[in-house]
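Heads up: the structure comes next, in structure tokens.
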Amino acid sequence: MARVCHTNNCPVGVATQKEALRRRFTGIPEHVVNFFLFVAEEVRQLMSVLGVARLEDLIGRTELLQPRAVTLAKTGALDLTCLLAPIEAAADRSWLRHDSEAHGNGVVLEDSLLADPELLAAIDGHGRVARTVAIINTDRSVGARLGGEIAARHGNRGFGGQLDLTFEGAAGQSFGAFGVQGMNVRLVGEANDYVGKGLNGGRITVLPPSGGNDPGSQVILGNTCLYGATGGELLALGRAGERFAVRNSGAAAVVEGAGDHCCEYMTGGVVVVLGTTGRNVAAGMTGGVAFILDETGGLSERVNPETVAICPLNTPEQETLLKPLLEAHLEATGSSKAAAILADWSSWRSRFQVLVPPSETVNVGLVERDAVAV
């Protein structure tokens, strides 16, 4: 309601990274628990008035509904007959008795991996194992269950082994979501939306089967990748869709191009884009750093200037962040663009622009002193 949350100045301390403002919010998780307990109690009271013991017994009971007397012009033409009409055979409640697996996903790709005794032994004993698996676009959230199994046994960052998993084909949504340390997930093909959603650790690598003729023009990832990621790496030999790294708070990533709203609401991590971006880059970005290769000189027209400063790459600290990611990207994907940049660093470094939000200007070297006031 204050209409300033995108500027990192939420007056009640909810949508902000500024500690002075965050102290204004005194809520704790237990308050949310109490709220839902009271909601549940109110539902019980209303059901007792109706003489109903279970929520299931309310389904189909249209005789318990009655329209409210509302005299508004915009509701005058509403016809609620279809909602109030009695339902045939409503007394037969057998259709409410579902099988325990009625809403399950059926057999999924990770079932075979979690049934692999060697892989499970590697998870339990901090070992290393490699697998190559075919994948199709109806295989969704592949990697999430494996991450959950590792976290259940060792915590998010307690696994000392490594799972080298190569998937070949087109991945469905949320490929590599919620990955943890020790998961080295490689996709040879292409991926849909939400790659690396909630990523906590490990590495996701995505590259086309043939290497691609022009990765900078080839879309290989869908929208909203790295949504809410807190750690780990994503290296992709191709372009990402819209809202790449939205709400990223700790992951490092390299892509060869991105769509609109790149780095939107980002609060941490490092993003490198070795190609063009869409409009509205860094909207609401309050933390982290983005390195954008600006070969045509038009980046400033596509950056949202409300929360970031646009600076040249000209400090040793900036290079210390960027070069290791370029080297990792080259090693993992064979990127010709990364190879060219590293081979002629003195020429290419001047083509990078660095997007730094105010919260990062306290980091010595990330922004030159005369740029802090931008």
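Within segment 141-158, if we keep just the residues that are at pLDDT 95 or above and not in a helix (DSSP H, G or I), the residue that is nearest to GLY232 (Cα to Cα) turns out to be GLY143.
Return the only residue of VAL39, VAL133, VAL70 being outside any loop (DSSP other than H, G, I, E, B), more than 28 Å from LEU146 (Cα to Cα) and among the aliphatic types (A, V, I, L, M). Answer to the check: VAL39. Only one of the listed residues (PHE175, PHE244) is over 15 Å from ILE136 (Cα atoms) and of a type outside the set (Asp, Glu). That residue is PHE244. Scanning segment 27-36 for any residue that is under 31 Å from the mean Cα position of the chain (by Cα) and either assigned to a loop (DSSP other than H, G, I, E, B) or hydroxyl-bearing (Ser, Thr, Tyr) (or both) turns up at least one such residue.
Table: residues versus (1) under 13 Å from the mean Cα position of the chain (by Cα); (2) in contact (Cβ under 8 Å) with a residue 40 or more places away in the chain; (3) over 23 Å from VAL133 (Cβ atoms).
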{"position": "ALA177", "(1), (2), (3)": "yes, no, no"}
{"position": "VAL185", "(1), (2), (3)": "no, yes, no"}
{"position": "VAL188", "(1), (2), (3)": "no, no, no"}
{"position": "ASN192", "(1), (2), (3)": "yes, yes, no"}
{"position": "GLU233", "(1), (2), (3)": "yes, yes, no"}
{"position": "ALA236", "(1), (2), (3)": "no, yes, no"}
{"position": "ARG243", "(1), (2), (3)": "yes, no, yes"}
{"position": "GLY250", "(1), (2), (3)": "yes, no, yes"}
{"position": "CYS262", "(1), (2), (3)": "yes, no, yes"}
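Taking LEU163, is it out of contact with any Asp or Glu (no Cβ under 9 Å at 6 or more places or on another chain), at negative phi and crowded, with 21+ Cβ neighbours inside 10 Å? Yes.
For segment 294-306, check the following and say yes or no: at least one residue is touching a helix residue (DSSP H, G or I) at 6+ places or on another chain (Cβ under 8 Å), under 26 Å from ILE204 (Cα atoms), at pLDDT 95 or above and crowded, with 16+ Cβ neighbours inside 10 Å.
So far as segment 294-306 goes, yes, one or more of its residues are touching a helix residue (DSSP H, G or I) at 6+ places or on another chain (Cβ under 8 Å), under 26 Å from ILE204 (Cα atoms), at pLDDT 95 or above and crowded, with 16+ Cβ neighbours inside 10 Å.
Quick check on this structure: which one of ALA251, ALA229 is part of a strand (DSSP E or B), touching a Ser or Thr at 6+ places or on another chain (Cβ under 8 Å) and aliphatic (A, V, I, L, M)? Only one candidate qualifies: ALA251.
Quick one: count up the residues across segment 79-89 that are surrounded by fewer than 11 Cβ atoms within 10 Å (Cβ to Cβ) and either modelled with pLDDT under 85 or assigned to a loop (DSSP other than H, G, I, E, B) (or both). Quick ask: steps written out before the conclusion?
Applying the first criterion (surrounded by fewer than 11 Cβ atoms within 10 Å (Cβ to Cβ)) to segment 79-89 yields 79, 81-83, 85-86, 88-89.
After this cut, where a residue has to be either modelled with pLDDT under 85 or assigned to a loop (DSSP other than H, G, I, E, B) (or both) as well, the list is 79, 85-86, 88-89.
Looking only at that region, the number is 5.
Looking only at segment 62-111, which residues are more than 30 Å from ALA171 (Cβ to Cβ) and among the hydroxyl-bearing types (Ser, Thr, Tyr)? Result: THR62, THR71, THR75, THR81, SER94.
Listed here are the residues, each with its yes/no results for (1) among the β-branched types (Val, Ile, Thr); (2) touching a residue at least 60 places away in the same chain (Cβ under 8 Å); (3) not assigned by TED's automatic domain parsing to the domain that holds ARG145.
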site: VAL4; (1), (2), (3): yes, no, yes
site: THR16; (1), (2), (3): yes, yes, yes
site: ALA20; (1), (2), (3): no, no, yes
site: LEU78; (1), (2), (3): no, no, yes
site: LEU114; (1), (2), (3): no, no, no
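If you go through segment 141-157 and keep only what is under 15 Å from LEU199 (Cα atoms) and surrounded by fewer than 21 Cβ atoms within 10 Å (Cβ to Cβ), you end up with ALA144, ARG145, GLY148, GLU149, ALA151, GLY155, ASN156, ARG157.
Taken across segment 90-102, residues that are closer than 28 Å to GLY198 by Cα, at pLDDT 90 or above and assigned to a loop (DSSP other than H, G, I, E, B) do not occur at all. If you go through segment 237-275 and keep only what is modelled with pLDDT under 95 and either outside the structural domain of VAL188 (by TED's automatic domain parsing) or aromatic (Phe, Trp, Tyr) (or both), you end up with just TYR265.
Within segment 22-32, the only residue that satisfies the criterion of being surrounded by 10 or more Cβ atoms within 10 Å (Cβ to Cβ), more than 30 Å from VAL356 (Cβ to Cβ) and either of a type in the set (A, V, I, L, M) or in contact (Cβ under 8 Å) with a residue 12 or more places away in the chain (or both) is VAL32.
Quick one: in segment 250-293, which of the residues that are buried (at least 22 other Cβ atoms within 10 Å of the Cβ) and acidic (Asp, Glu) is farthest from LEU313 (Cα to Cα)? Looking at residues that are buried (at least 22 other Cβ atoms within 10 Å of the Cβ) and acidic (Asp, Glu), I get GLU264. Out of GLY51, GLY104, one residue alone is farther than 30 Å from GLY288 by Cα, under 25 Å from the mean Cα position of the chain (by Cα) and not assigned by TED's automatic domain parsing to the domain that holds THR138. It is GLY104. Looking across segment 186-216, the residues that are within 19 Å of ASN248 (Cα to Cα) and not in a loop (DSSP other than H, G, I, E, B) come down to ALA191, ARG203, ILE204, THR205, VAL206.
Only one of the numbered conditions (1) closer than 30 Å to SER249 by Cα; (2) assigned to a helix (DSSP H, G or I) is not met by GLN17, and that is (2).
The values are calculated or read from the model by the stated rules, or taken from the named source; none is laboratory data. Computed from a predicted structure; not experimentally measured. All Cβ positions, even for glycine, are placed from backbone atoms using ideal geometry, and neighbour counts span all protein chains on display.
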